[in-house]
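These notes concern the structure reproduced below.
No value in this document is a laboratory result; all are computed from the given coordinates. Nothing here was measured: the structure is a model prediction, and the numbers come from that model. Every residue, glycine among them, receives a Cβ derived from its backbone with ideal geometry; neighbour counts consider all protein chains shown.
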Amino acid sequence: MVILEKRVAGLTELALGRFVARARRLGGLKGTVDVLVTSNATMKSLNARFRGKNRPTDVLSFSRAIGARRSFAGEIAISAEIAAQNARELGHSAATEVKVLTLHGILHLRGYDHERDNGEMAKREAQLRARLRLPVGLIERADVRGSRGGRARRKVAR
């Protein structure tokens, strides 16, 4: 299920749902994925509750809870406002940015962890972005910003 609580220019629930299905299939993630595109206020609340960080973040992933049906892989929450800001900074549409964030979340649900996997997630994300015709991903952005001494935006919950 896809819920656009906050509107994103050029993106419909149907279009994002189709993208989720394709990205999930290409990424090898079994089970359905719920995606919520919401406000910074909601993301701040979720980030505080589940990660102890009292600030909004771009994307959060929540794996299937123990005992949940096997046909369910997990949930992804995305800040429409941060997606729009990132899109402006990077020169692509907010709809494209939501897809980049969604793919990143799907890989986390698949079990990848870029903080501990010696580049495996970054490599897989790059492969899938190429197949899905998406621009630079979150891990690469963080690496570039980190190497320039800038603030890296790595904010995904596991």
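The modelled label-to-label distance between Arg88 and Ala126, using points 7 Å beyond Cα along the C-beta direction, is 3.0 nm. With a simple spin-label model that places each label point 7 Å from the Cα along the Cα-to-Cβ direction, the separation between Glu5 and Arg22 comes to 2.7 nm. In this simple spin-label approximation, Arg70 and Asn54 carry label points 7 Å from Cα along the Cα→Cβ vector, and these lie 4.4 nm apart. Taking only the C-alpha atoms of segment 2-147, Rg followed by Dmax gives 14.3, 42 Å.
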